[in-house]
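Remarks on the structure that follows.
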Amino acid sequence: QLAAKIGDAESLASLHLAVARLEGIRGRCLAAHRHLEIARHLAAVKISDVLNCFMDLVEASLEAISGNLQRSRTLAESTLNRAEEGRFVKYKLAALTNLSVTALYSGHAERASRLLGQVIPETTQLTYVKLGALDTLAQACLYADDLESCRRAREQCLQAGTADRVPGRS
């Protein structure tokens, strides 16, 4: 309602990005892509580098869920470059996490674990990024048949979730 009330393209694009993320979490990739398309259309009017990073991250996640790993990797790499240039730390960490997901889904658990080793120590204030990174690490450990490391990563996920005192904005 606030986005509609404000009425500018960036606010409306952000709203559609949020809906795209929710639809993606629900596994409704087609609906998520429609909202992402609307967000990109609105953002074409005027787009900030931050919003562009966010859109590419959402699309990279959707592509990974859909099994289009090459497109997901390309988007994550593009986001990583843009985030490093703009010094957007949270988007850099999220892009590295997305790259770890594509590595894992491509059968490269060791590479995924190495990337996550860069991400996790930097995510102390970014619970949602940390949870995603730890969950992916648990999956990589499971893939490598390292059940003890998987258990530790899962425990860290639980600790990160309970240590976060501020409710998630979404």
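Could you grab me the full set of residues in region 133-159 that are closer than 22 Å to Lys90 by Cβ and surrounded by 14 or more Cβ atoms within 10 Å (Cβ to Cβ)?
Ala133, Leu134, Asp135, Thr136, Leu137, Ala138, Gln139, Ala140, Ala153, Gln156, Cys157
Can you tell me which of Cys141, Cys157 is at pLDDT 95 or above, part of a helix (DSSP H, G or I) and more than 21 Å from Leu17 (Cα to Cα)?
Going through Cys141, Cys157 in turn, the sole match is Cys141.
Exactly one condition in (1) more than 12 Å from the chain's Cα centre (by Cα); (2) crowded, with 16+ Cβ neighbours inside 10 Å; (3) under 30 Å from Asp49 (Cβ atoms); (4) among the basic types (Lys, Arg) is false for Lys130; which is it?
That leaves (1) as the condition not met.
What single numbered condition from (1) within 11 Å of the chain's Cα centre (by Cα); (2) touching a residue at least 40 places away in the same chain (Cβ under 8 Å) fails to hold for Thr79?
Evaluating Thr79 over (1) within 11 Å of the chain's Cα centre (by Cα); (2) touching a residue at least 40 places away in the same chain (Cβ under 8 Å) leaves (2) as the failure.
Taking Thr124 and the conditions (1) open to solvent by 90 Å² or more (accessible area, probe 1.4 Å); (2) β-branched (Val, Ile, Thr); (3) assigned to a helix (DSSP H, G or I), which numbered condition does it fall short on, given that it satisfies the others?
Every listed condition holds for Thr124 apart from (3).
Can you list residue pairs whose Cβ atoms sit under 9 Å apart, with the first residue in region 134-151 being of a type outside the set (S, T, N, Q) and the second being open to solvent by less than 20 Å² (accessible area, probe 1.4 Å) and assigned to a loop (DSSP other than H, G, I, E, B)? Count only pairs 6 or more apart in sequence or on different chains.
Taking only residues 6 or more apart or on different chains, the pairs are Leu134/Thr123.
The values are calculated or read from the model by the stated rules, or taken from the named source; none is laboratory data. Since the model is a prediction, treat every value here as computed from it, not as a measurement. Counting neighbours? That spans all protein chains shown, and the Cβs are built from the backbone with ideal geometry, glycine included. The area values use the complete protein model at the heavy-atom level, side chains included, leaving out ligands, DNA and RNA. Shrake-Rupley method; radii C 1.70, N 1.55, O 1.52, S 1.80 Å.
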